[in-house]
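Asks: Take this structure first; my questions come after.
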Amino acid sequence: MGKEPLLSGQIDMLLLSLVARGPAHGYAIIAQLRDRSRGVFDLPEGTVYPALYRLEAAGFVESDAEQVSGRVRRTYRVTRAGRAALKERETSWRELVRGVDAVLRGPATGRA
Amino acid sequence: MSPIDAYLARLRAELKGNPLLARRVLEEVRDHLALAAEEERKSGMSDHDAEEEAVHRFGAPDEFAHKFDRFVLPFRLLLIFMSLATVLVGLWLIFVITVVLPSRDPEHIPLWRAVAAGFFAYSGLTWAYLIKGPRIAWLRWTVLLISLVAIALGIYGIVNMVMVARSGGHFEGYIILMGLILGGHGLTALVYTVLTRRIARAVRA
């Protein structure tokens, strides 16, 4: 199975989580996603920007632009609402993982 | 043309219907590709190959361009514009109150003062809403509520003036202009709020 469809519903939470660790620009964020996931989320790098714009439109991150080496670099930081949304998503994600794990690891109950 | 410039030209073409979004996206992608190429060069690639690899890592421009929500940014800028127009109307009213009304219609000065104050307050709240984003609930609801009132007042002002003019009364074009700015401001704020809330719900889901 391709990773992108599997990830599409979770990319916002993952990016929010990375930005919550400290302000970062898009390139650093996608590099962190790749490194922290140990290569599991080795996505086309452009994937990060539409998601960051979504998070900004939703008020979960904010950004500032600055000139670096003659180019415009935009740095993203999490907002208070973003931290609250992340906490909410993390809780439901952990519940889901616990539930799935319990089913997968549970004792066999099949009838002969 | 270098691979990065060629890529940005293709991306610009994909985003051509939305110049406001295109400008910000292109600046950001240019920086990203430059950083990626720099990394590839450090690993020993030639300039050209490093840029080719950076572009390859980024993904196809058409797929990338179609993942953006195309409406939020234009509506945000339109809301900034409408809120500036609202301030201008307030300033114009101050001028009228100070220069014109004392000699022509002094008894209506308190009413127009209140209207001018309303325009400034609405504009100020809209600015706060734009700066703080849609994340402060009370601010969002206040702007939303005032926007609904603004739309109603704008429509009322325009319709009323058209009816007056039709029945042979004195037509006052500035009322139409004020109605359009107030109603337009309200409508833009309403659409912007709906768009941003829809996105916030999708992110939370």
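Asks: For residues in the stretch B:188-205 being out of contact with any Lys or Arg (no Cβ under 7 Å at 6 or more places or on another chain), closer than 15 Å to B:Ile80 by Cβ and modelled with pLDDT of 90 or more, which is nearest to the other protein chains (Cβ to nearest Cβ)?
Replies: My answer is B:Val191.
Asks: How many residues are more than 7 Å from every other protein chain (Cβ to nearest Cβ) and among the acidic types (Asp, Glu) when one looks only at the stretch A:73-98?
Replies: Matching residues across the stretch A:73-98 total 2.
Asks: Consider A:Ala28 carefully, then state whether it is more than 15 Å from B:Ala36 (Cβ to Cβ) and at the interface with another protein chain (Cβ under 9 Å from one of its Cβ atoms). Steps first, please.
Replies: Values: more than 15 Å from B:Ala36 (Cβ to Cβ): no; at the interface with another protein chain (Cβ under 9 Å from one of its Cβ atoms): yes.
Judged against the criteria, A:Ala28 is not a match.
Asks: Step by step: first the residues of the stretch B:11-25, then only those that are within 14 Å of another protein chain (Cβ to nearest Cβ) and surrounded by fewer than 16 Cβ atoms within 10 Å (Cβ to Cβ), then the one that is modelled with the lowest pLDDT. Which residue is that?
Replies: For the stretch B:11-25, the residue satisfying everything is B:Leu20.
Asks: In the stretch B:1-15, how many are closer than 14 Å to B:Phe64 by Cβ and not in a helix (DSSP H, G or I)?
Replies: 1
Asks: Pairs, please: C-beta under 9 Å, at least 6 apart or cross-chain, first residue farther than 12 Å from B:Leu33 by Cα and not assigned by TED's automatic domain parsing to the domain that holds B:Leu11 and in the stretch B:44-61, second crowded, with 16+ Cβ neighbours inside 10 Å and modelled with pLDDT under 95?
Replies: Going by the 9 Å Cβ cut-off, there are no qualifying pairs.
Asks: In the stretch A:44-103, which residues are in contact with a Ser or Thr (Cβ under 7 Å, 6 or more places away or on another chain), in a strand (DSSP E or B) and within 15 Å of B:Arg135 (Cα to Cα)?
Replies: Selection gives A:Val61, A:Glu62, A:Ser63.
Asks: Looking at (1) farther than 30 Å from B:Thr193 by Cβ; (2) surrounded by fewer than 19 Cβ atoms within 10 Å (Cβ to Cβ), find the lone condition where A:Glu66 falls short.
Replies: Evaluating A:Glu66 over (1) farther than 30 Å from B:Thr193 by Cβ; (2) surrounded by fewer than 19 Cβ atoms within 10 Å (Cβ to Cβ) leaves (1) as the failure.
Asks: For the stretch B:29-69, give me the residue count where each residue is farther than 15 Å from A:Pro44 by Cβ and at the interface with another protein chain (Cβ under 7 Å from one of its Cβ atoms).
Replies: Residues in the stretch B:29-69 being farther than 15 Å from A:Pro44 by Cβ and at the interface with another protein chain (Cβ under 7 Å from one of its Cβ atoms): 5 in total.
Asks: Across the stretch B:75-108, what is the total count of residues that are within 18 Å of B:Trp127 (Cβ to Cβ) and not β-branched (Val, Ile, Thr)? Let's see the steps before the verdict.
Replies: Step one: filter the stretch B:75-108 for residues within 18 Å of B:Trp127 (Cβ to Cβ), giving B:75-91.
Applying the additional criterion that residues be not β-branched (Val, Ile, Thr) yields B:75-79, B:81-85, B:88, B:90-91.
So the count comes out to 13.
The values are calculated or read from the model by the stated rules, or taken from the named source; none is laboratory data. Since this is a predicted model, take the numbers as computed values, not measurements. Here Cβ is always computed from backbone atoms with ideal geometry, including for glycine, and neighbour counts include all displayed protein chains.
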